[in-house]
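Taken together, the values in this text are just the output of simple stated rules run on the coordinates, not laboratory data. Please read all numbers here as calculations on a predicted model, not as lab measurements. No Cβ is skipped: glycine too gets one built from the backbone with ideal geometry, and neighbour counts run over all protein chains shown.
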Amino acid sequence: MTNRNIDPISFAVIKSALDTIVDDMAYAVMRTARSPIVRDILDYSATLCDREGRILTQAKTVALHLGAVPDAMEVITSRFSATARPGDVFILNDPYQGGMHLPDIFMFKPLFFRDKLEGFSVVIFHHCDVGGRVPGSNAADSTEIFQEGIRIPPVKLYDKGEPNNWIFDIIRENVRLPDLVIGDLESQLATCNIGEREYLKLFERHGSEVLNEYFDELMDYGEQMTRKAISSWPDGDYEFTDYVDGDGFSTAPIPIKCKMTVAGDHLTVDFEGTSPQVRGAINPTFSFTKSATYLTIRCALDQDVPNNAGVYRAITVKAPLGTILNPISPAPVAARALTGYRVMDTVMGALAQVAPKKVIAASEGGNTVIAFGGYDKKSGEPFILVDMINGAWGGRFNKDGIEGVTNPGQNLSNLPVESLEARYPLRIDEYCLRDDSCGAGEFRGGLGLARQYRFLADEAILQIRADRYAHAPYGLFGGEAAAFTRNLLDPGSEGEVLLPSKVTRQVEKGLVFRHEQSGGGGYGDPLKRSLELISKDLGNGKISRRYAEEKHAVVFVGDGFEIDRAGTEAARDVRSA
């Protein structure tokens, strides 16, 4: 502790109390949210900030959201802190004024203790629709932000506790599912109120002066722990490049280049040389680029490092203006998360050179978004599904990658088949792990998922946001890349069509669409994988005999198998050549 007035026990109690408050906020969302993308897929975030707008703690929700909070908070505090009053609530979603993409609506409630501003309760929801040219407002093939939905600049949604109904009316008239969107805004407010109630209890217990001393110490502690980790890494420049397959208009690879510089206890991540901004809607704003970078570095720190603004003090992120990672308005950004995942993979590749036991090989490429929307022919009622398929981690230095889970950049859930079929005009014909999709290694990557949809609506719009078609998730330290992603229309039929990775198209009743996701990359030499692990994978049907033969030099003899040692050495010689 740097301050002699700080008691370590009180410090731990206050830190734990803050963590508990934001997790309670997160649980409240599960109980009160209206739309499946928030309630079931869990695409939301909650955090508490101090009176200066600095992040104090983050809930265990969508981590990629929360590194963008500082930029949004800066906009809110610069415009409203001087005039904010108890009961005020502010919102924004404009990516060029602190937001990320239009479906993500930020809500901020300033918190007052004895009439003095002492903090902010912040909740972000990915709303099911915010208007625009396609249902779900998330298409990868928009060409300017004006096509993507309603833009909300920083505005006051509640004034001293009273709703500004004209703002609600504007939102209601510009979205396809107003009951769900307004219901989710009400859920956000209820969640902010829970944060307010519990945060102010801390102030009643400890007082403003004492608490703010501990808040400063908590920030300093986050910074010190981060600098301690960075200082243990060897000084130098470490570079890595990964690629997005294309932007939906062109299949030309889009390079994401990263140079990481370790200098003592400070880290600089520079994306100079990255692609210029692109025509399609996969341009993340700089706030989101920073968020993805902070998160990746946080993954390489010890578990007990607090998730607060102090961590960011030890890290500088640079991306030239006009690049895909720092676009100029009106560049479209709706599908920006796809590129954010690639930022994470790129930074992870650079980190592997300085902290190899703290990183994983590339994951599945980020969740795939399947959006399906239209209108019921009889009732005229709209329906919008935004399904996010979360697949697999890459292999680790001592363990296989995990499958059927969220990408490390998110804390999302796969939507259950029962919920999909009950709410939407479609049927899931198959939902399974995709065998042989993992990158081979001493520790393999996780398997990707496959999901097959049969459309039952007379007509609808299908949107696909996927990647890793041409640049598979990479392996580390001799590990191999995973399988490529595939999108198939009417799979197995004579009319089977291999679709591009990013698609917006009409679909008719009875059409079948299948998505096969990449797995995670492998970690370490596949020829060193143990017989026990190979046998387990074969027994579970995760890999085939051919995969075992090709990747691990396995020879099948009768009912058993063994590793062909001579073949192993020959294979290793070929690979090294």
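Estimated purely from DSSP H runs of n ≥ 4, each contributing -39500 (n - 2.57), the mean residue ellipticity at 222 nm for the chain is -9500 deg cm²/dmol once divided by its residues. For segment 16-67 versus segment 394-428, the spacing of their alpha-carbon centroids is 20 Å. Over segment 191-258, the alpha carbon radius of gyration divided by the compact-protein estimate 2.2 N^0.38 Å works out to 2.05.
Would you mind calculating the relative contact order of segment 8-224 from Cα pairs under 8 angstrom and at least 6 residues apart, reporting the percent as a whole number?
Details: 394 pairs, mean separation 49.5, N = 217.
Relative contact order comes out at 23 percent.
Quantify how much of the Cα-Cα distance distribution of segment 285-409 extends past 27 Å, in percent. So the pairs more than 27 Å apart make up 31 percent of the total in segment 285-409.
A convex hull fitted around the alpha carbon atoms of segment 8-224 yields 117 Å³ per residue.
Dipole magnitude for the chain: computed about the Cα centre from +1 point charges on Lys and Arg Cβ and -1 point charges on Asp and Glu Cβ, it is near 200 debye. Between Glu213 and Glu430, the FRET efficiency from the beta-carbon distance, with R0 = 60 Å, is close to 0.55. Going down the list Lys109/Lys160; Lys399/Lys536; Lys15/Lys156, which pairs span over 21 Å between their C-alpha atoms? Distance filter (> 21 Å) returns Lys15/Lys156. Placing a pseudo-label 7 Å from each Cα along the Cα-to-Cβ vector at Ile328 and Lys536 gives an inter-label distance of 5.4 nm.
Working note: Cα gyration tensor of segment 168-311, eigenvalues times five, square-rooted, sorted largest first, giving semi-axes of 34, 32, 10 Å.
Shape analysis of the chain based on the Cα gyration tensor places the equivalent ellipsoid semi-axes at 39, 31, 21 Å, largest first. Peptides 491-499, 397-405 ranked from most to least packed, by the mean per-residue count of other Cβ atoms within 10 Å: 397-405, 491-499.
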